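Enquirer: Below is the structure I would like to discuss, written out as structure tokens.
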Amino acid sequence: MSKLNIVLFGPPGAGKGTQSEFLIKQYDLVHLSTGDLLRAEIKAETELGLAARELMDQGELVADHIVIGMIRNKMEAFNDAAGFIFDGFPRTEAQAKALDAMLNAKSEPIVAMLSLEVPDEELVKRLLERGKSSGRVDDQDEVTARKRISVYAKETAPLKEYYKAQGKYKAIDGVGSIADITGRLTKALG
Ligand code: B4P
């Protein structure tokens with residue numbers, strides 16, 4: 001059976017992590033969040049984590065080769081998975097091309113890129129709300145939240161065109177209750 005490899009796309013605060021929790025259970029997938037992987041490196045105080053921390057705290061992207069290497073390692077560790085949800089990855093065209101190369105080499109391409117669409121003001125509200133309890137430095141103030149949204153608009157949003165050209169882009173309204181949005185994602189996956 002072909003693998004269900006999905007890119008769950010969207011700006012910071014769009015609900016990628018939230019919706020991934022449901023999708024991994026529903027479709028028996030492995031969740032690969034580069035944000036979670038980087039935060040684990042920071043917690044473990046590895047060299048990689050120390051290098052990534054400052055950039056993340058400022059709302060900047062971490063270098064492509066670092067996140068691509070992390071994803072490659074994890075994919076190899078879960079070779080038998082029914083599929084992967086890529087959450088927060090790819091974020092640049094170089095990352096998207098590297099992911100395609102890894103998956104095409106195994107004839108297991110991305111089947112869909114589900115893009116959660118949420119207005120900027122709602123994103124800022126959600127990030128600051130999470131900041132009250134998450135302890136995440138990048139969620140603590142409005143300037144950093146807006147910085148992350150502008151990095152997304154400039155460097156990451158153009159990937160919609162990359163996946164559109166492959167016929168894989170699907171826009172999903174990311175405003176509403178968590179359950180409603182889950183329903184929209186499930187419907188999009190057919
Ligand atoms: P991430 O961890 O990916 O952070 P994020 O973009 O904020 O996404 P996250 O998954 O946490 O949030 P979600 O949309 O689920 O990245 C953090 C940093 O790591 C980046 O800034 C960058 O520095 C670095 N990084 C990560 N990947 C990288 C890569 N590939 N390349 C380079 N650098 C990389 O938002 C969820 C929030 O919204 C929650 O608080 C939730 O409660 C709320 N929410 C969800 N659904 C809702 C709904 N329907 N209504 C109201 N609130 C909702």
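The values are calculated or read from the model by the stated rules, or taken from the named source; none is laboratory data. Computed from a predicted structure; not experimentally measured. Cβ placement follows ideal geometry from the backbone for every residue including glycine, while neighbour counts extend to all protein chains displayed.
Enquirer: Suppose the filter is in a strand (DSSP E or B), within 15 Å of the chain's Cα centre (by Cα) and closer than 15 Å to V7 by Cα; does L99 pass it?
Expert: Answer is no for this residue.
Enquirer: State all residues of the stretch 1-18 that are part of a helix (DSSP H, G or I) and either surrounded by 23 or more Cβ atoms within 10 Å (Cβ to Cβ) or in contact with a Ser or Thr (Cβ under 8 Å, 6 or more places away or on another chain) (or both); if no residue qualifies, say none.
Expert: K16, G17
Enquirer: Of the conditions (1) within 21 Å of A40 (Cα to Cα); (2) surrounded by fewer than 16 Cβ atoms within 10 Å (Cβ to Cβ); (3) more than 8 Å from the ligand (Cβ to nearest atom), N104 clears all except one; give me its number.
Expert: It fails just one condition, (1).
Enquirer: Of everything in the stretch 17-32, what is within 21 Å of N73 (Cβ to Cβ) and within 6 Å of the ligand (Cβ to nearest atom)? Give them in sequence order.
Expert: Result: G17, single match.
Enquirer: For the stretch 140-165: of the residues being under 10 Å from V124 (Cβ atoms) and either more than 13 Å from the ligand (Cβ to nearest atom) or of a type in the set (G, A, S) (or both), which is nearest to the chain's Cα centre (by Cα)?
Expert: Per the criteria, the residue is A145.
Enquirer: Here is a further query. Are any of the residues in the stretch 59-76 in a loop (DSSP other than H, G, I, E, B), touching a Leu at 6+ places or on another chain (Cβ under 6 Å), more than 11 Å from the ligand (Cβ to nearest atom) and not basic (K, R)?
Expert: So far as the stretch 59-76 goes, no, none of its residues is in a loop (DSSP other than H, G, I, E, B), touching a Leu at 6+ places or on another chain (Cβ under 6 Å), more than 11 Å from the ligand (Cβ to nearest atom) and not basic (K, R).
Enquirer: Okay, next question. Pick out the one residue from E47, E21, E41, E76 that is over 25 Å from P158 (Cβ atoms), buried (at least 19 other Cβ atoms within 10 Å of the Cβ) and either touching a residue at least 60 places away in the same chain (Cβ under 8 Å) or of a type outside the set (A, V, I, L, M, F, W, C) (or both).
Expert: E41
Enquirer: I'd like the full set of residues that are at pLDDT 95 or above and aliphatic (A, V, I, L, M), limited to the stretch 20-51.
Expert: Scanning the stretch 20-51 gives L23, I24, L29, V30, L32, L37, L38, A40, I42, A44.
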